[in-house]
Every structure is written in C-alpha cells, then in structure tokens.
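Participant: My structure is below; once you've seen it, I'll send some questions.
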Amino acid sequence: MFCKCFCGSNSTIFELPVIEKPCGNCTKQFCLDNVENGICDGIADETCPSNDFKTACFARDSFKDEIIVRVFLIAVVGLIVFALIIPFYTKWKKDQKLRRQYTQVIDQDMPSQ
C-alpha cells in the first residue's frame, strides 16, 4: 500500500507500513513526518494551506488490474491467431464444398440407349 501526498501541483509517494489497516495512516502528519529535505516542496512549510493538502491511499498491482490485463492479452492473442488461421480455414472450406458437389461422369464404354 502507498500514500500519495498532494500539495497543489506537488506530490510525493510514500510506502505505508504493513499493518492491519494501512490506509488509516495516510494522513497529513504521516506525510510531514516522512518528508526529507523538501522532497515534496510545499508540504513542510507554510506555503501549502491545509485546505490545499490532500492524501490518497492506493495499492499497486491489485488483483483486479492484473485480471484486466491478462484478459486483454488473451483476447489480443486470440484475435491474432484467428486472423492467421482464417485464410487457411476459408480455403479448406472452399475445397470441401467443391469435393461434395455431385458431377455425373459419363462412361464412354457403355452403349447409349
């Protein structure tokens, strides 16, 4: 879990400690405690009023995002395979149709009536 600290157009991302509810620690005080040498300018000094300060807690590489990416990749690979196979399938289908057509063969050796 990560905590993103916003102050105006400035932002910094901090990793949250592994505890039961890590997003509860994503506060302005947490951001102030973790700022080192002005990493996120405007947070540690008075130039960022409290109403302009925001925090956001998020998880990187969530299970939902992973599933969406995998489904997308499977769909793309499936479409590529389909595009590669369809010309061969069409040709095979055409050949099968020609083989099934009935054509009468006249036997030249048989006397005609």
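None of the figures in this text is laboratory data; all of them are computed from the coordinates on show. The structure displayed is predicted, hence computed values, not measured ones. Here the Cβ is made from the backbone with ideal geometry for all residues, glycine too, and neighbour counts use every protein chain on show.
Participant: Can you work out ³J(HN,Hα) from phi for every residue in region 22-30, in order, using Karplus 6.51 cos²θ - 1.76 cosθ + 1.60 and θ = phi - 60°, giving whole Hz and x for Gly and Pro?
Facilitator: Taking θ as phi minus 60°, the curve returns x, 5, x, 8, 7, 10, 4, 5, 4 Hz for region 22-30.
Participant: Of CYS3, CYS23, CYS31, how do they rank once you tally other Cβ atoms within 10 Å and put the fewest first?
Facilitator: By the 10 Å Cβ count, ascending: CYS23, CYS3, CYS31.
Participant: Can you list residues whose amide H is under 5 Å from LEU16's amide H, if they're 5+ apart or on another chain and H is modeled 1.01 Å from N?
Facilitator: Hits under the 5 Å cutoff: PHE2, CYS3.
Participant: What is the distance, in nm, between label points placed 7 Å from the Cα along the Cα-to-Cβ direction at LEU84 and at SER9?
Facilitator: Result: 4.8 nm between the two label points.
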